[in-house]
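Participant: Sending over a structure as structure tokens; questions will come in a sec.
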Amino acid sequence: MLESAIRLVEPPETGLQLRYTLDTDVNVEYEQGASSFVVRIAYRLTIDQPQRGDGSTTVSEDGSPDENVPQVPQVAALRFELAALFTLEMREGDEPLEEEELEAYAASTGQLALYPYAREYVYDATGRLGIPPLTIGVLQEPIEWPD
């Protein structure tokens, strides 16, 4: 864990479902010739609670009130960053690593390695906020099928 910020914006109403949005930003830190590299993943989680059609409005893309889109109150926001250190076993004569290779590794294996820690942290942090502990879904990598 490199950093964390947790905020309870507004306690949720009882009896209404909560929903969440999770965004990630994956980065690799590597110096050419080094025997290791670091995968850093910044997580941004928002939890909101759709209302029962209370008639409130939100702002549309052009900045004017949009009467057709109900406002969704935010319940909580979590922002945290995790990192993992990976060692390299390069042999004499091996080609140097390309940036694209490291980015692909970070986006796949790096995320798979850190995601269980992110899930546990979200569950623990939301429970400590006094809202129902959130178990985020299992990480699923999209599969691209050949045509």
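Participant: Pop the C-beta distance of Glu100 and Arg19 into the FRET formula with R0 = 22 Å and round what comes out to the nearest 0.05.
Facilitator: About 0.05, to the nearest 0.05.
Participant: Related question: In whole Hz, with x marking every Gly and Pro, tabulate ³J(HN,Hα) for region 79-96 from phi via Karplus 6.51 cos²θ - 1.76 cosθ + 1.60, θ = phi - 60°.
Facilitator: Karplus-based 3J(HN,Hα) across region 79-96 equals 9, 8, 9, 10, 9, 9, 9, 10, 9, 10, 10, 8, 9, 4, x, 5, 5, x Hz.
Participant: What is the distance in Å between the Cα centroid of region 82-117 and that of region 23-52?
Facilitator: 14
Participant: Hey, rough spin-label estimate for Glu120 and Met90, points 7 angstrom out along Cα→Cβ, what's it come to in nanometres?
Facilitator: Spacing of the two 7 Å Cα→Cβ label points: 3.2 nm.
Read the figures in this text as sums done on the coordinates, not as results from a lab. Keep in mind it's a predicted model, so treat the numbers as computed, not measured. Methodologically, a virtual Cβ is constructed for each residue, glycine included, from the backbone with ideal geometry; neighbour enumeration extends over all protein chains shown.
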